[in-house]
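Below: one structure, written as structure tokens.
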Amino acid sequence: MTNEKNKTLIGFKKARSLLDKIIKMSEDDEYCINIMQQNLAVIGLLRSAHQQLMENHLNTCFKTAMASGNEKKKKAMTSEILKVTNLFNK
């Protein structure tokens, strides 16, 4: 596993841990603002992990596809990037 993928995995694990904490807080009927603050922390971790994944993908898979002579592969890869970017921005 590359160092970049390992950082992403750590981010996902931190988000999962915080999400477990949020579930417990909700079950224990804790103060809403405290739960929302933890929720925002999870969102931040997931956004960061997404950014790391995108950067790694662009620097590896996408870069390789663009360097190839395969126009169909280039078009498909570009379409995938645009699709994921549009989903992220919703």
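Suppose we keep only residues that are under 16 Å from LEU45 (Cβ atoms) and polar (S, T, N, Q) within the range 1-35. Which one would you say is modelled with the lowest pLDDT? Among those that are under 16 Å from LEU45 (Cβ atoms) and polar (S, T, N, Q), it is ASN6.
There is at least one residue in the range 34-57 that is out of contact with any strand residue (DSSP E or B) (no Cβ under 6 Å at 6 or more places or on another chain), farther than 24 Å from LYS90 by Cα and of a type outside the set (Phe, Trp, Tyr). Where helices (runs of 4 or more DSSP H) sit wholly within the range 1-83, those with at least 3 residues that are touching a residue at least 12 places away in the same chain (Cβ under 8 Å) and within 15 Å of the chain's Cα centre (by Cα) occupy 3-27, 32-57.
Restricting ILE35, ILE22, ILE43, ILE81 to those that are surrounded by fewer than 14 Cβ atoms within 10 Å (Cβ to Cβ) and among the β-branched types (Val, Ile, Thr) reduces the list to ILE43. Tallying residues that are surrounded by 15 or more Cβ atoms within 10 Å (Cβ to Cβ) and small (Gly, Ala, Ser) within the range 1-19 yields 2.
The values are calculated or read from the model by the stated rules, or taken from the named source; none is laboratory data. From a predicted model like this one, the values you see are computed outputs, not experimental measurements. Backbone-built Cβ (ideal geometry, glycine too); neighbour counts: all protein chains shown.
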